[in-house]
Structure formats: C-alpha cells, structure tokens
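Notes follow the structure.
The values are calculated or read from the model by the stated rules, or taken from the named source; none is laboratory data. Just so we're clear, the structure is a prediction, and the values are computed from it rather than from any experiment. Neighbour counts are summed over all protein chains in view; Cβ atoms, including those assigned to glycine, are modelled from backbone coordinates with ideal geometry.
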C-alpha cells in the first residue's frame with residue numbers, strides 16, 4: 001500500500017488519506033484521530049493512482065486520479081464520488097484558490113498546468129510549464145501560484161490574475177538535470193517557499209515574495225512532503241525512502257533534528273486534539 005497525501009476533515013476528529021492499494025484498488029482511507037484507528041474506506045472505483053487531495057470551500061474532497069487524467073469530487077458524508085472532471089493530462093498534485101472557485105492541477109507527463117473552474121466543473125485553460133509540473137502551492141491571498149518542474153530543478157511562479165507564467169527560478173546547487181518528484185509548500189505567513197527534490201535528497205528554501213533562494217539543505221533519503229509546526233521558521237520534511245523526518249530551521253537554513261517514522265513517510269500535518277490547548 002502507498003500513502004500519498006493526507007488532509008484533516010472539517011473538524012480535527014477525522015483524517016483522510018489517499019491510498020493506492022494496488023493497480024486496481026484505490027481508496028481514500030478515513031482515520032479516527034481519537035482512537036487512532038481506521039474508521040472506514042471510500043472506494044473510488046475504477047479511478048486509479050489517487051495522489052493529491054484538498055477540501056474545497058463546499059466541503060467536497062477533491063482528489064486526483066493520475067492514471068485516468070481525472071479529478072474526483074468526493075462527498076465524505078456519503079462516501080461517494082459525486083463529480084468527475086477531465087483534466088486533459090496525467091494529473092498528479094493540486095491546490096485550490098482561496099476563493100474556492102479555481103483549482104490548479106499539475107501534470108508531470110505533459111508541459112502544462114490545468115486550471116479547473118469548480119463552479120462550472122470543467123477545465124477552462126492550461127498554463128504552459130516548459131519542464132512539466134510537480135508540486136504546487138498558492139499564496140494566502142491567491143495572487144501567486146508556485147509550481148515545481150519535473151524535468152529540471154526549477155520553481156515556476158504564476159500570476160493567477162492573468163494566469164500567466166511570470167518567473168522561472170533554477171534551484172542553485174543542484175548540478176544534474178534529472179527528472180524527479182518534487183513537492184512545494186508555503187509557510188502560513190507566506191515568508192518561505194519550500195521545494196523538496198526526491199532523488200537529490202535536499203530541500204531548497206526561497207524567501208518570498210522576491211523568490212530568492214536562501215539555502216539548499218541536505219536531508220534524508222527521498223524527501224517528499226512537508227509538515228508545518230506551530231513554531232515560526234520551522235518545517236518538517238518527510239524522508240520517504242528511509243523512514244525518517246527532518247526538522248529544518250528555515251531562517252538559518254540548517255537541520256536541527258531527525259527522527260524515525262516508519263517506512264514510507266510522505267506527508268505530515270499538525271493538529272490540536274479536542275479538549276487540549
């Protein structure tokens with residue numbers, strides 16, 4: 001089983017995980033956080049390779065199905081897929097505009113980013129990303145979209161008002177141009193953009209809004225998704241291939257701790273349990 005992404009429910013009592021059990025069985029797993037046990041499964045049927053997912057303003061859970069070039073809308077109350085949108089490409093990761101009307105879907109096999117109108121439930125345009133797409137993240141005000149390239153170590157910046165690519169920044173310190181998985185995440189204060197490179201084993205730190213690289217930090221083997229602790233200037237990166245997680249001081253650009261997580265650590269979220277401070 002491969003766990004690709006996780007999201008908290010509307011209340012911090014349920015956790016949803018995108019899981020690929022095999023080439024033919026894909027489900028969203030529901031975890032009860034109080035008991036820390038599996039509370040159920042949402043079967044997505046013939047839709048394969050579920051990866052990215054996020055909750056929309058309407059309460060629907062949007063999930064990518066990479067091998068079907070599809071975006072799924074799941075009603076978590078009924079456990080049913082209620083809408084399917086053709087993304088026009090091998091959709092991998094996604095992010096939602098803060099206004100709830102737009103969704104941006106990355107395609108690692110084709111050189112464009114899909115823009116989905118969630119009101120009309122259809123693909124409305126495609127933004128060219130010359131070196132294909134990987135991780136995506138959007139600023140808190142929705143003005144800037146940050147997209148990692150798949151083919152080369154590069155961070156792309158998109159103006160969401162014009163839906164145009166306005167800047168391409170190469171990651172300094174990486175010598176080889178090897179295609180690989182890359183994730184992007186922004187800190188809640190919009191001060192930092194983080195890019196992990198799975199093959200290279202590092203995390204690039206960019207200061208915002210200038211998009212200036214301040215550090216390239218070597219971490220564990222196969223870094224992927226991030227977790228954002230409540231402390232400022234901190235991030236946790238999951239080292240998928242060695243079963244560890246590394247805490248990084250973003251301002252100093254150094255690692256400050258590494259601990260074991262078990263095999264396949266890929267994404268992290270922090271939450272406050274009900275009844276605790």
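Among the residues making up the stretch 91-113, a single one is farther than 16 Å from residue 155 by Cβ and in contact (Cβ under 8 Å) with a residue 60 or more places away in the chain: 97. When the stretch 177-195 is filtered for residues that are in contact (Cβ under 8 Å) with a residue 60 or more places away in the chain and in a strand (DSSP E or B), the ones remaining, listed by number, are 183, 195.
With the condition kept exactly as written, say whether any residue in the stretch 62-69 is part of a loop (DSSP other than H, G, I, E, B), under 29 Å from residue 222 (Cβ atoms), at pLDDT below 90 and in contact with a strand residue (DSSP E or B) (Cβ under 8 Å, 6 or more places away or on another chain).
No, that holds for no residue.
Scanning the stretch 113-157 for residues that are over 18 Å from residue 177 (Cβ atoms) and either in a loop (DSSP other than H, G, I, E, B) or modelled with pLDDT under 95 (or both) gives 118, 119, 120, 121, 139, 140, 141, 142, 143.
Here the stretch 70-92 is the region considered, the condition is being touching a strand residue (DSSP E or B) at 6+ places or on another chain (Cβ under 6 Å) and assigned to a loop (DSSP other than H, G, I, E, B), and the residue that is surrounded by the fewest Cβ atoms within 10 Å (Cβ to Cβ) is 79.
Here 226, 259 are screened, and the one residue that is at pLDDT 95 or above and more than 20 Å from residue 187 (Cβ to Cβ) is 259. Checking the stated criteria, residue 121 turns out to be in contact with a strand residue (DSSP E or B) (Cβ under 7 Å, 6 or more places away or on another chain) and surrounded by fewer than 17 Cβ atoms within 10 Å (Cβ to Cβ).
Only a single criterion out of (1) surrounded by 15 or more Cβ atoms within 10 Å (Cβ to Cβ); (2) more than 19 Å from the chain's Cα centre (by Cα); (3) in a loop (DSSP other than H, G, I, E, B) is not satisfied by residue 241, namely (2). For the residues 220, 225, the requirement of being assigned to a loop (DSSP other than H, G, I, E, B), touching a strand residue (DSSP E or B) at 6+ places or on another chain (Cβ under 9 Å) and surrounded by 15 or more Cβ atoms within 10 Å (Cβ to Cβ) singles out 220. Inspect all residues belonging to the stretch 29-37 and state whether any of them is at pLDDT 85 or above, more than 20 Å from residue 136 (Cα to Cα), outside any strand (DSSP E or B) and touching a strand residue (DSSP E or B) at 6+ places or on another chain (Cβ under 8 Å). Checked the stretch 29-37: at least one residue is at pLDDT 85 or above, more than 20 Å from residue 136 (Cα to Cα), outside any strand (DSSP E or B) and touching a strand residue (DSSP E or B) at 6+ places or on another chain (Cβ under 8 Å).
Quick check: is even one residue across the stretch 180-203 crowded, with 23+ Cβ neighbours inside 10 Å and more than 16 Å from the chain's Cα centre (by Cα)? Looking for residues that are crowded, with 23+ Cβ neighbours inside 10 Å and more than 16 Å from the chain's Cα centre (by Cα), one finds none in the stretch 180-203, hence no.
Yes or no, residue by residue, for (1) at pLDDT below 95; (2) more than 24 Å from residue 96 (Cα to Cα); (3) touching a helix residue (DSSP H, G or I) at 6+ places or on another chain (Cβ under 8 Å):
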| site | (1), (2), (3) |
| --- | --- |
| 176 | yes, yes, no |
| 183 | no, no, no |
| 195 | no, no, no |
| 202 | no, yes, no |
| 214 | no, yes, no |
| 219 | no, yes, no |
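Tell me whether the stretch 158-174 contains one or more residues that are without any contact (Cβ under 8 Å) to a residue 24 or more places away in the chain and within 18 Å of the chain's Cα centre (by Cα). No, that holds for no residue.
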